[in-house]
Each structure stands twice: as C-alpha cells, then as structure tokens.
Amino acid sequence: MKSKIAIVLLAAMTFSCQMQLDELALSPNGNNGNSSALGLVQNNSGKNIANEVLIKFKSGTSASGKLTALKAISGTIQEQIITQEMKDEGDEGFYLVKTNINAIEAINRAAANSVIEIAEPNQLYTHQQTSTTPDDFYYSSGQLWGLNGTYGTNAQVAWANSNTGSSTVYVGLIDEGVMYNHPDLVDNIWTNTNEIADGVDNDRNGLIDDIRGWDFANNDNSVYDGTPSDKIDAHGTHVSGTIGGMGNNSIGVVGMNWKVKIIPAKFMGPTGGSTANAIKALDYLTNLKKSKNINVVASNNSWGGGIYSRLLLSAIQRAERAGILFIVAAGNTGTNIDTTPSYPASYTNANVIAVSAIDIDGLMPTWSNYGLQSVTLGAPGANIISTVPGPNGVGYAAYSGTSMATPHVTAAVALYAAKNYPLSTNKAASQVIKNAIINNTIATPSLNGKTSTGGRLHVGVVGFY
C-alpha cells in the first residue's frame, strides 16, 4: 500500500426503500461511549469509520422494532443497502447507521438486541502498496521481470504458444478508479454496451450511465477522477496495467493479457474505501455476470487490513455461486495472517486466492504478509512497472506491495480462461481455474511454510496455452 495514503470512504450510494429510511431516521442523542466490543467485534486500531455501523435486522422485523433498536444505539439510518443480488436471493439487505456514540459501544449495545442479526463496524480498507518510483519502461528492456524474469510468471511461454488473452474474458477491478483512456489500457477497459450516455438507466441495474463501470465511493459513473499531476486513481491504473496493458503496441508496458476486458468497480476515494461500498462493488460484478451474461472470471482486490465481516463474506459467497474468483492481497505488515488475521485475505471461502509478494530474486520482502493456511501462493510484487496517469495521459511507474502481486494472479486466471473458457464460466469452472493456479506453482524456498503451495505463480505450462 502507499504509506502516504489512508483509504477511507466518504460517500455512499442510495438504494431502494426510501420510505423506510425516512420512517426510521432519528436524531442521535448526546450520549458518548468508548468501550471495547465484546463478542461481535474487536477494536481494529482506528481502522473503522468513526460513529458508523452496519446493521442487519432479522427477517420480518417491523418498522417499530427497528426504530426501537436504533434508539438503543443512538442511531440514524444513512442508507439502506440492498443490491440486486441480495434481492434475487431474498435477502432484505442491511443499513448503514450513523451513531452519536462510539461505533464499538453501539455494537456492544446491539449485541443484546433480539431483532438485530448482524452489527459490524463500517471498516476502513487500504490498498496494499508500499512504494512508488516514477519512470517509463518497456518490456523489451527486460525490466518487466514479473512476466519473464528468472522468478517471474513465464508469461512469455504462453504468449509464444498463441495465448495472449481474449477480449471475451472479463475481470472486475475493485479498487480505486482507472485512467481508462491511458493509451496502454484504452482498448482493454470495458464499455457497457447495454447503456447509452443519455441520463437513463438503460440496462435497469439501478445505475445511470454506468458506461465504464461505477464509482461507489462518489456514487457516480466517473471511474477516473485524477489528473496527470496527482495520485488519485493511480493505484487502480497501475493494477490494471499488470492485468491488461495492451500488448504489441510499441509503447510502454504489456500486461499478462494483451487482450482482456477490465471492469472498474471503484470503491476507494482519496480518503477511503468502506465495507459497505466494497460489498456494492462486488455485487455489481456478480449482477453483471448473472443478469447480462458477461464472462466475469475474477475480481482483483488489492486492498485489505480489516477484521472479519459477515456481510462482506456473504458478498464473496454470492460471487462464488456465480463463478467469480476473489483474488486478494495478503497485506504489507510482514505478518502471519494465520495467527493475526487480516481480511479479506483471511477468508477461507472456496473462491478466495490470497497472494504474497516476492522480489526479483525470488525472496519474500520483509513487508509481505504470509500464512501457511491463509495464503495460497506468491507472485511478483516488488518494483513492478505498470501504467499510471501522466502528462498527456501517458505515465509509468514502479510500485511495490502485495497490491502488485495480486493482479499477476488475477491476470493468470484471465489467461487460463482465455484458453479454456473464453465465453462462459460457472462455479465448477472457477474451481478448475483455481486448481490450475495452485497445481502449477513452482516451489520457491522463501515461500516454503509461508503459503499453502510453498510456490510462486507459473503460467508457462500446458493449460495456460
């Protein structure tokens, strides 16, 4: 993660049931509390959004019952979150609630309330990047070591055997935004053909003019909010280049997939990314696959640092049922996340692949998280050169972090799908792809005892071509 940038989400998207929101909204009282939570949640070292909690009521709870429960925690509903995916499964959704007391105290109070099923903090997630070094590099110079270096992924072998990806394979980018008109990305960013830029929700998914995805941080369709002189959306742009920097175009870098479609699902703004918006972003991708038959094979999640969330896990499980793998950064605190869990990397759901970083010498950097049970494999993550905003839209930089390792694995999923599932994947197919990632790792001493495979990503084998 870029140590200078703390990730916090400020804006939230309004979904349905405005009548209920109006009915249940309260003015918080002046009581303040500051105790540690018991049972539901532990203090997360300041990584929760102050005075915000996520509340899921038990099915069938009356409006008056909800009102009484909210009074007990000095709560005002800010938003009811009920995505289309939740509706399709008969889930009544959950509420983002603002309290006038400490969030942990509110959760403690909620724990004793019989009508509340889940009470969680609205957590703060950070992208897993450690450093940046601006520069402009080319694959032919040998500096994209993550693709063809000694400890790289051997992507050049797949390319030489006629697999450079497919424009019928889609990956979701749950991250910051993406500079979609970067000349090394422009042809590989998704365009929603079911939408017209006319101020109308043509595809009827609740989002107006989501032509290139959606910004859940700001509740609008602008998935790139930066300028060449700032770092806004640089992280998402960098991750995108590793997945799908355009190949054989004589400029800049190349991604593992020369052809792919990247769907921006932005949930991080300049100051944040929350649990609530991460759930919306993931359900957005799941809904695109289920309702529009878009071949979304994976989401890239180069962020983390949270505690366990039943609500986020439910979204990951919905993605699993749709056949979408959840590729996630292990984190950058040099921690064994088996013993000190860090979410979402520590979820053990069947569609999760957590990724540690290795450097150009095949060593695990001291900052990379690991875990024999929690982390699947390692991938190149130190001094990775990729696309960023720059003058006239053209920029490149070397970043480090498990944020950079993760898109190598996401790209490998897309490359395997391009060869074997170019038109459609389901839950069973996603497990075949995951097994291909796991079974073809190369044993690497620095990863022995640190990841479940003890190896690093390898795509230069039959199956990927």
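Annotations
- Test: residue in the stretch 322-329 that is within 24 Å of Met256 (Cα to Cα) and out of contact with any helix residue (DSSP H, G or I) (no Cβ under 7 Å at 6 or more places or on another chain): no
- Residues in the stretch 269-283 that are of a type in the set (Val, Ile, Thr) and open to solvent by less than 10 Å² (accessible area, probe 1.4 Å): Thr275, Ile279.
- Only a single criterion out of (1) touching a strand residue (DSSP E or B) at 6+ places or on another chain (Cβ under 6 Å); (2) surrounded by 23 or more Cβ atoms within 10 Å (Cβ to Cβ); (3) of a type in the set (Ser, Thr, Tyr) is not satisfied by Tyr308, namely (2).
- Some residue of the stretch 63-86 being under 27 Å from the mean Cα position of the chain (by Cα) and part of a loop (DSSP other than H, G, I, E, B): yes
- Filtering the stretch 28-61 to residues that are open to solvent by 60 Å² or more (accessible area, probe 1.4 Å), modelled with pLDDT of 50 or more and closer than 25 Å to Asp91 by Cβ leaves Lys58, Ser59, Gly60.
- Residue selection: Thr286 fails the criterion of being in a loop (DSSP other than H, G, I, E, B) and either open to solvent by 10 Å² or more (accessible area, probe 1.4 Å) or in contact with a helix residue (DSSP H, G or I) (Cβ under 8 Å, 6 or more places away or on another chain) (or both).
- Scan the stretch 116-160 for residues that are at pLDDT below 95 and assigned to a loop (DSSP other than H, G, I, E, B) and the total you get is 12.
- Which listed residue is free of Cβ contacts under 8 Å to residues at least 12 places away in the same chain, out of contact with any strand residue (DSSP E or B) (no Cβ under 9 Å at 6 or more places or on another chain) and farther than 26 Å from Asp184 by Cβ, from Asn426, Asn435: Asn435
- For Ala265, the conditions (1) under 12 Å from the mean Cα position of the chain (by Cα); (2) in a helix (DSSP H, G or I) are fulfilled apart from (2).
- Residues in the stretch 76-101 that are farther than 29 Å from Thr286 by Cβ and buried (at least 20 other Cβ atoms within 10 Å of the Cβ): Thr99, Ile101.
- Considering residues of the stretch 187-214 that are over 21 Å from the mean Cα position of the chain (by Cα) and farther than 18 Å from Lys292 by Cβ only, the residue most open to solvent (accessible area, probe 1.4 Å): Asp187
- Hey, Ile107 part of a loop (DSSP other than H, G, I, E, B), at pLDDT 90 or above and open to solvent by less than 10 Å² (accessible area, probe 1.4 Å) or not: no
- Here Ala217 passes the criteria (1) under 16 Å from the mean Cα position of the chain (by Cα); (2) of a type in the set (A, V, I, L, M); (3) outside any loop (DSSP other than H, G, I, E, B) except the one numbered (3).
- Applying the set (1) surrounded by fewer than 24 Cβ atoms within 10 Å (Cβ to Cβ); (2) in contact with a His (Cβ under 9 Å, 6 or more places away or on another chain); (3) not aromatic (Phe, Trp, Tyr) to Leu313 leaves exactly one unmet item: (2).
- Qualifying residue in the stretch 290-298 (condition: in contact (Cβ under 8 Å) with a residue 40 or more places away in the chain, crowded, with 24+ Cβ neighbours inside 10 Å and assigned to a helix (DSSP H, G or I)): no
- Of all residues making up the stretch 424-447, the number that are of a type outside the set (Val, Ile, Thr), surrounded by fewer than 20 Cβ atoms within 10 Å (Cβ to Cβ), touching a Gly at 6+ places or on another chain (Cβ under 8 Å) and not in a helix (DSSP H, G or I): 2
The values are calculated or read from the model by the stated rules, or taken from the named source; none is laboratory data. Just so we're clear, the structure is a prediction, and the values are computed from it rather than from any experiment. No Cβ is skipped: glycine too gets one built from the backbone with ideal geometry, and neighbour counts run over all protein chains shown. Heavy atoms of the whole protein, side chains included, go into the accessibility calculation; ligands, DNA and RNA do not. Shrake-Rupley method; radii C 1.70, N 1.55, O 1.52, S 1.80 Å.
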